[in-house]
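The values are calculated or read from the model by the stated rules, or taken from the named source; none is laboratory data. These figures come from a predicted structure and were not determined experimentally. All Cβ positions, glycine included, derive from the backbone under ideal geometry; neighbour counts span all protein chains shown.
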Amino acid sequence: METNNTVQILLVEDDEVDVMAIRRAFAKHRIANPIIHARDGMEAMEVLRGSGGHALLARPYLILLDLNMPRMNGIEFLEDLRADPVLHDSVVFVLTTSIADRDIVAAYEKHIAGYLVKGKVGEGFLSLVTMLDHYWRYVELPPDRGCNAP
C-alpha cells in the first residue's frame, strides 16, 4: 500500500492576519506542505472527520491550534479531539497569544506536543516554520487511519 508522506498542516486560527503571516513564512522558507485552514474548533473537527462538506484530512498531519476562537475554543477542541477514538493521537501544537498559566496547563493536560506564544515565535512566524520543518523531518507521525501496521 502506497502512502503519502507529505505532512499537511491543519491551521486552526480565526485571525486572518496570522493565517496570512504563517502562509508567507512557509512560502519564504520554500516549504510547500499543504495548509488547510479552519476558522475554529468546530470547523477543524469537520475537516478531521470529513464531515460538514469538508474532505477528510489524510495523515500525516500536524495541527496548529489557536486557543481563543469563537464557537469552539482551543481547549474545547482538544477535549473533543482526545475523546475521539480515531483522532486522539493527532499531533497538536498550540499557537496562541495567551501566556496564562491556566491555559498552558490545560493544553498540556490534553497532551499537546508544544505550546508556542505568538509574540515569542518571531517576526513573520519564520522561527515557527523552521521548527516545524525540523520536527516533521525527524519525528514519526501517527500513520494513516487505514493503516494496520504496528
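From the list PRO70, PRO142, PRO60, exactly one residue is exposed (fewer than 13 other Cβ atoms within 10 Å of the Cβ) and either at pLDDT 90 or above or touching an Asp or Glu at 6+ places or on another chain (Cβ under 9 Å) (or both). Which is it?
PRO70
Would you mind finding the one in ALA21, ALA38, ALA44, ALA55 that is surrounded by fewer than 14 Cβ atoms within 10 Å (Cβ to Cβ) and either of a type in the set (A, V, I, L, M) or within 12 Å of the chain's Cα centre (by Cα) (or both)? Quick ask: steps written out before the conclusion?
Working: ALA21 fails: surrounded by fewer than 14 Cβ atoms within 10 Å (Cβ to Cβ); ALA38 fails: surrounded by fewer than 14 Cβ atoms within 10 Å (Cβ to Cβ); ALA44 fails: surrounded by fewer than 14 Cβ atoms within 10 Å (Cβ to Cβ).
That would be ALA55, the only listed residue that is surrounded by fewer than 14 Cβ atoms within 10 Å (Cβ to Cβ) and either of a type in the set (A, V, I, L, M) or within 12 Å of the chain's Cα centre (by Cα) (or both).
Each row is one residue, and each column tells you yes or no for (1) more than 24 Å from VAL139 (Cβ to Cβ); (2) small (Gly, Ala, Ser).
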site	(1), (2)
VAL7	no, no
VAL12	no, no
ASP15	yes, no
GLY53	yes, yes
ASP66	no, no
VAL91	no, no
THR96	no, no
ILE99	yes, no
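Scanning segment 75-96 for residues that are under 23 Å from ASP133 (Cβ atoms) and not aliphatic (A, V, I, L, M), which turns out modelled with the lowest pLDDT?
THR96
Are there any pairs with C-beta distances below 6 angstrom linking a residue in segment 27-48 that is modelled with pLDDT of 95 or more to a residue that is basic (Lys, Arg), with the two at least 6 apart or on different chains, and if so which?
Taking only residues 6 or more apart or on different chains, the pairs are ASP40/ARG71; MET42/ARG71.
Residues to consider are LEU78, LEU116; find the one that is closer than 20 Å to HIS29 by Cβ, in contact with a helix residue (DSSP H, G or I) (Cβ under 8 Å, 6 or more places away or on another chain), surrounded by 14 or more Cβ atoms within 10 Å (Cβ to Cβ) and of a type in the set (A, V, I, L, M, F, W, C).
On the way: LEU78 fails: closer than 20 Å to HIS29 by Cβ.
Being closer than 20 Å to HIS29 by Cβ, in contact with a helix residue (DSSP H, G or I) (Cβ under 8 Å, 6 or more places away or on another chain), surrounded by 14 or more Cβ atoms within 10 Å (Cβ to Cβ) and of a type in the set (A, V, I, L, M, F, W, C) holds for just one of LEU78, LEU116, which is LEU116.
Exactly one condition in (1) over 22 Å from TYR138 (Cβ atoms); (2) at pLDDT below 90; (3) touching a strand residue (DSSP E or B) at 6+ places or on another chain (Cβ under 8 Å) is not met by ALA21; state its number.
Tallying (1) over 22 Å from TYR138 (Cβ atoms); (2) at pLDDT below 90; (3) touching a strand residue (DSSP E or B) at 6+ places or on another chain (Cβ under 8 Å), ALA21 fails exactly one: (3).
Please specify each residue of segment 105-138 satisfying the condition of being of a type in the set (A, V, I, L, M, F, W, C) and modelled with pLDDT under 95.
Correct list: ALA113, LEU116, VAL117, VAL121, PHE125, LEU126, LEU128, VAL129, MET131, LEU132, TRP136.
Please determine, by comparing only the residues of segment 1-18 that are at pLDDT 85 or above and over 14 Å from LEU128 (Cβ atoms), which one is surrounded by the fewest Cβ atoms within 10 Å (Cβ to Cβ).
VAL17
Out of the residues in segment 81-99 that are free of Cβ contacts under 8 Å to residues at least 40 places away in the same chain, surrounded by fewer than 17 Cβ atoms within 10 Å (Cβ to Cβ) and in contact with a Leu (Cβ under 9 Å, 6 or more places away or on another chain), state the one that is nearest to PHE26 (Cα to Cα).
Looking at residues that are free of Cβ contacts under 8 Å to residues at least 40 places away in the same chain, surrounded by fewer than 17 Cβ atoms within 10 Å (Cβ to Cβ) and in contact with a Leu (Cβ under 9 Å, 6 or more places away or on another chain), I get THR97.
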